[in-house]
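Have a look at the structure below, then the notes.
The values are calculated or read from the model by the stated rules, or taken from the named source; none is laboratory data. Values in this document were obtained by computation on a predicted structure and should not be read as measured data. Virtual Cβ from ideal backbone geometry, glycine too; neighbours counted across all protein chains shown. What goes into the accessible areas is simple: the full protein's heavy atoms, side chains included, and nothing from ligands, DNA or RNA. Shrake-Rupley method; radii C 1.70, N 1.55, O 1.52, S 1.80 Å.
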Amino acid sequence: MAWALKLPLADEVIESGLVQDFDASLSGIGQELGAGAYSMSDVLALPIFKQEESSLPPDNENKILPFQYVLCAATSPAVKLHDETLTYLNQGQSYEIRMLDNRKLGELPEINGKLVKSIFRVVFHDRRLQYTEHQQLEGWRWNRPGDRILDIDIPMSVGIIDPRANPTQLNTVEFLWDPAKRTSVFIQVHCISTEFTMRKHGGEKGVPFRVQIDTFKENENGEYTEHLHSASCQIKVFKPKGADRKQKTDREKMEKRTPHEKEKYQPSYETTILTECSPWPEITYVNNSPSPGFNSSHSSFSLGEGNGSPNHQPEPPPPVTDVSLKLNNLLPTTTPQEAQQWLHRNRFSTFTRLFTNFSGADLLKLTRDDVIQICGPADGIRLFNALKGRMVRPRLTIYVCQESVQLREQQQQQQQPQKHEDGDANGTFFVYHAIYLEELTAVELTEKIAQLFSISPRQISQIYKQGPTGIHVLISDEMIQNFQEEACFILDTMKETNDSYHIILK
């Protein structure tokens, strides 16, 4: 009986000993590792964390940022909590980004009443592709000559000033804007995510991009180099309507999940807020002076193309030395260097690298299909017409003449009257002049006839056309629009007392 009573006591001793041993085995863990083992900077440096450093805000999330950029496109519902949002865009579709002034009262007073510059970039999200950005963009440029990765939809944008696109930065655009005024910029992304995948067998996942915005203020020299704020978001670009289908597919997948599984994913938001990030390292690109190929006009947007390398700058065209090139004539004897000059001067600078080793004979041998395939439809047709020296045909061509009395008298003295191809049976000789009309208006016809007679258009009071039974019909715009192509008229002039003329077309 005594043995039976001691059994519980033995169990307690054993249990107590096991607990003490387990506590002792854990007691040294914190002392051995130390507080430094849990440094977040060391943890984030591990390779398992694939989140880009540029997307991590430098300060705490509660910091009120001076600006906020909102992309008006819904985020994907198939993104887990604590992961960065992902937004799907359609290729070539215009998407609004609202530029919001989020400053507190008295914050950054130096930019009050002044403009700031924002630079938009579409860059690679994966670091592996960032290292090979130059090669990736160069390959895309060769496959899509004349196209850009990023454009601004100027007519739809509001509040942007002096938009520019550097021909050497096909994935970058920039503009000025006033933070005190409403500003919305509409962007278009023309590349798709699957164009940069390693293997293309169909059905592969596209690579993600980042839309990054860097904003700068003016320094003492008037150059926009002082950094104010940067933010970015992750996107994927699909072929037209592809983003809508992908968004619908993600939504349907989430609807099939259990409520417990849905808690692991963040909801889909109607807009995408760009999060603060580090500025893009291509600071050398930010300058106030126009780069080659820029259009400084506030009402126009100069687009070009090139590669996206920050170190690659366009080479200025060499000076024109050949007389024939000064006349815009491309000859078969033109050297490759002179052909480069001709391309620069005729606004084909974006294709100079494509035709680096082409001489004048090589370019002139290109067919229309060849040029369109190399340069694309728009620039290809323009280049082909320039190579062939084709002039734009006028809308209407008419021939007018004034009877030459002197030539008629000379002709009558030298030979007998006979039928002439360009006269009548009495030997009357007519000299015709071509008049080319584009606007098809009476004012334009008056100016062309005045040039023909070397007088001022104000000296021509009226222009008439002789009608049936010799009546004089006043020339109008509608009558000119109904003239037959290459119609012939004889001009009869009636001088008035105040040194003005009436012109009659017979």
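Cβ contacts < 7 Å: first residue free of Cβ contacts under 8 Å to residues at least 40 places away in the same chain, restricted to the range 221-246; second residue surrounded by 21 or more Cβ atoms within 10 Å (Cβ to Cβ) and not basic (Lys, Arg), any location; separation 6+ or different chain. Result?
GLU226/PHE216
How many residues, within the range 94-153, are touching a strand residue (DSSP E or B) at 6+ places or on another chain (Cβ under 9 Å) and within 20 Å of THR352 (Cα to Cα)?
3
If we scan the range 484-496, do we find a residue that is small (Gly, Ala, Ser) and without any contact (Cβ under 8 Å) to a residue 60 or more places away in the chain?
no
Please state which of the following conditions GLU195 fails to meet, knowing it meets all the rest: (1) free of Cβ contacts under 8 Å to residues at least 40 places away in the same chain; (2) more than 23 Å from ILE97 (Cα to Cα); (3) in contact with a Phe, Trp or Tyr (Cβ under 8 Å, 6 or more places away or on another chain).
(1)
Pull out all pairs, ordered by first then second residue, where Cβ-Cβ is under 7 Å, the residues are six or more apart or on different chains, the first lies in the range 146-166 and is in the same structural domain as GLN136 (by the TED database), and the second is among the small types (Gly, Ala, Ser) and assigned to a strand (DSSP E or B).
Final answer for the pair search is SER157/SER184; VAL158/SER184; GLY159/SER184.
Residue by residue, here is whether (1) out of contact with any helix residue (DSSP H, G or I) (no Cβ under 8 Å at 6 or more places or on another chain); (2) among the charged types (D, E, K, R); (3) surrounded by fewer than 19 Cβ atoms within 10 Å (Cβ to Cβ) holds:
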{"position": "ARG353", "(1), (2), (3)": "yes, yes, yes"}
{"position": "SER359", "(1), (2), (3)": "no, no, no"}
{"position": "ARG368", "(1), (2), (3)": "no, yes, yes"}
{"position": "LEU383", "(1), (2), (3)": "no, no, no"}
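Consider the range 387-409. How many of its residues are at pLDDT below 85 and either of a type in the set (Phe, Trp, Tyr) or closer than 19 Å to LEU331 by Cβ (or both)?
Number satisfying all stated conditions: 5.
Being surrounded by 18 or more Cβ atoms within 10 Å (Cβ to Cβ) and in a helix (DSSP H, G or I) is the filter here; which residues of the range 90-122 pass it?
Result: ILE111, single match.
Give the number of residues within the range 362-374 that are assigned to a helix (DSSP H, G or I), under 21 Å from PRO332 (Cβ atoms) and of a type outside the set (Lys, Arg).
We begin by selecting, within the range 362-374, every residue assigned to a helix (DSSP H, G or I); these are 362-364, 368-374.
The next check asks that each one be under 21 Å from PRO332 (Cβ atoms); those that pass are 362-364, 368-371, 374.
If we keep only those that are of a type outside the set (Lys, Arg) as well, we get 362-364, 369-371, 374.
Matching residues across the range 362-374 total 7.
Quick check on my filter: what residues within the range 331-370 are within 19 Å of PRO145 (Cβ to Cβ), modelled with pLDDT under 85 and of a type in the set (Val, Ile, Thr)?
Answer for the range 331-370, where residues must be within 19 Å of PRO145 (Cβ to Cβ), modelled with pLDDT under 85 and of a type in the set (Val, Ile, Thr): THR350, THR352, THR356.
Anything in the range 462-497 that is among the polar types (S, T, N, Q), part of a loop (DSSP other than H, G, I, E, B) and open to solvent by 60 Å² or more (accessible area, probe 1.4 Å)? List them, or say none.
Within the range 462-497, ASN482, GLN484, THR497 meet the criteria.
Residues that are over 20 Å from the mean Cα position of the chain (by Cα) and assigned to a strand (DSSP E or B): does the range 179-191 have at least one? Steps first, answer last, please.
Narrowing the range 179-191 to residues over 20 Å from the mean Cα position of the chain (by Cα): 179-182.
Checking which are assigned to a strand (DSSP E or B) leaves us with none.
No, every residue in the range 179-191 fails to be over 20 Å from the mean Cα position of the chain (by Cα) and assigned to a strand (DSSP E or B).
Restricting the search to the range 235-253, which residues are closer than 26 Å to VAL211 by Cα, open to solvent by less than 90 Å² (accessible area, probe 1.4 Å) and in a helix (DSSP H, G or I)?
Of everything in the range 235-253, those that are closer than 26 Å to VAL211 by Cα, open to solvent by less than 90 Å² (accessible area, probe 1.4 Å) and in a helix (DSSP H, G or I) turn out to be GLY242, ALA243, ASP244, LYS246, GLN247, THR249, ASP250.
To keep it simple, each residue is scored yes or no on (1) more than 22 Å from LEU89 (Cβ to Cβ); (2) part of a strand (DSSP E or B).
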{"position": "TRP142", "(1), (2)": "yes, no"}
{"position": "ILE154", "(1), (2)": "no, no"}
{"position": "GLN169", "(1), (2)": "no, no"}
{"position": "VAL173", "(1), (2)": "no, yes"}
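List, please: which pairs have Cβ atoms under 9 Å, are six or more places apart or on different chains, and start with a residue in the range 364-378 that is in the same structural domain as ARG148 (by the TED database) and end with one that is surrounded by 14 or more Cβ atoms within 10 Å (Cβ to Cβ)?
Short answer, once both residue conditions are applied: none.
I'd like the residue in the range 142-167 that is of a type outside the set (A, V, I, L, M) and in contact with a helix residue (DSSP H, G or I) (Cβ under 9 Å, 6 or more places away or on another chain) and, out of all such residues, is most open to solvent (accessible area, probe 1.4 Å).
Looking at residues that are of a type outside the set (A, V, I, L, M) and in contact with a helix residue (DSSP H, G or I) (Cβ under 9 Å, 6 or more places away or on another chain), I get ASN143.
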